[in-house]
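**Student:** Okay, handing you the structure first.
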Amino acid sequence: MRVGKRQLEVQLAEVDGEVQVKDLSVYAVASAAELAALVEKAKACRSTAATERNEASSRSHGVGVVTVKQPEGRDGRMYIIDLAGSEGAKDVK
């Protein structure tokens, strides 16, 4: 698995009841602006290429998890998944 310019070894391990990938990055942000900057950083790592159907078809997968911690009450979690382009193999040239 490649993250930015880093090649990661994919190992799944059970940690605190959750499946995690070894050596992935975790970032803490305190504002919407910090989150937006982190999303821009992630977008810069995406790989795209032109196909017959799409000039900037995604050639990479992306997975993000946004956890919102509440001082009192329940925390929230949102999973963001960007799968590589869905063009059929016959459409990709």
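The values are calculated or read from the model by the stated rules, or taken from the named source; none is laboratory data. Remember, it's a predicted structure, so these values are computed and weren't measured experimentally. Positions of Cβ are backbone-derived with ideal geometry, glycine not excepted, and every protein chain shown enters the neighbour counts.
**Student:** How about region 67-81: which of its residues are touching a Lys or Arg at 6+ places or on another chain (Cβ under 7 Å) and assigned to a strand (DSSP E or B)? Break it down stepwise before answering.
**Tutor:** Here is the first cut: in region 67-81, the ones touching a Lys or Arg at 6+ places or on another chain (Cβ under 7 Å) are 67, 75.
If the condition is that a residue be touching a Lys or Arg at 6+ places or on another chain (Cβ under 7 Å) and assigned to a strand (DSSP E or B), then T67 is the only one that fits.
**Student:** I've got another one for you. Within the group A56, A89, which residue is within 22 Å of the chain's Cα centre (by Cα) and either at pLDDT below 75 or more than 17 Å from L24 (Cα to Cα) (or both)?
**Tutor:** A56
**Student:** Somewhere in region 3-20, is a residue modelled with pLDDT under 70, surrounded by 13 or more Cβ atoms within 10 Å (Cβ to Cβ) and either in a strand (DSSP E or B) or aromatic (F, W, Y) (or both)?
**Tutor:** Yes, region 3-20 contains at least one residue that is modelled with pLDDT under 70, surrounded by 13 or more Cβ atoms within 10 Å (Cβ to Cβ) and either in a strand (DSSP E or B) or aromatic (F, W, Y) (or both).
**Student:** Here's a check for you: in region 65-75, which residue that is under 18 Å from the mean Cα position of the chain (by Cα) and free of Cβ contacts under 8 Å to residues at least 24 places away in the same chain is nearest to V21 (Cα to Cα)? Break it down into steps so the answer makes sense when it comes.
**Tutor:** Start the filter on region 65-75 by keeping residues that are under 18 Å from the mean Cα position of the chain (by Cα), which leaves 65-68.
Retained after the next criterion (residues that are free of Cβ contacts under 8 Å to residues at least 24 places away in the same chain): 65, 67-68.
Working: V65: 13, T67: 17, V68: 21 Å.
Result: V65.
**Student:** Under 6 Å by Cβ, and 6 or more places apart or on different chains, what pairs join a residue from region 25-52 that is farther than 15 Å from V66 by Cα and part of a loop (DSSP other than H, G, I, E, B) with one that is modelled with pLDDT under 80 and of a type in the set (D, E)?
**Tutor:** Hits for this filter: T51/E87; E52/D91.
**Student:** How many residues are of a type in the set (G, A, S) and either over 15 Å from L83 (Cα atoms) or exposed (fewer than 13 other Cβ atoms within 10 Å of the Cβ) (or both) when one looks only at region 50-63? Full working, then the answer.
**Tutor:** Just the residues of region 50-63 that are of a type in the set (G, A, S), to begin with: 50, 56-58, 60, 62.
Okay, now just the ones that are also either over 15 Å from L83 (Cα atoms) or exposed (fewer than 13 other Cβ atoms within 10 Å of the Cβ) (or both), so 50, 56.
The number of residues fulfilling the criteria is 2.
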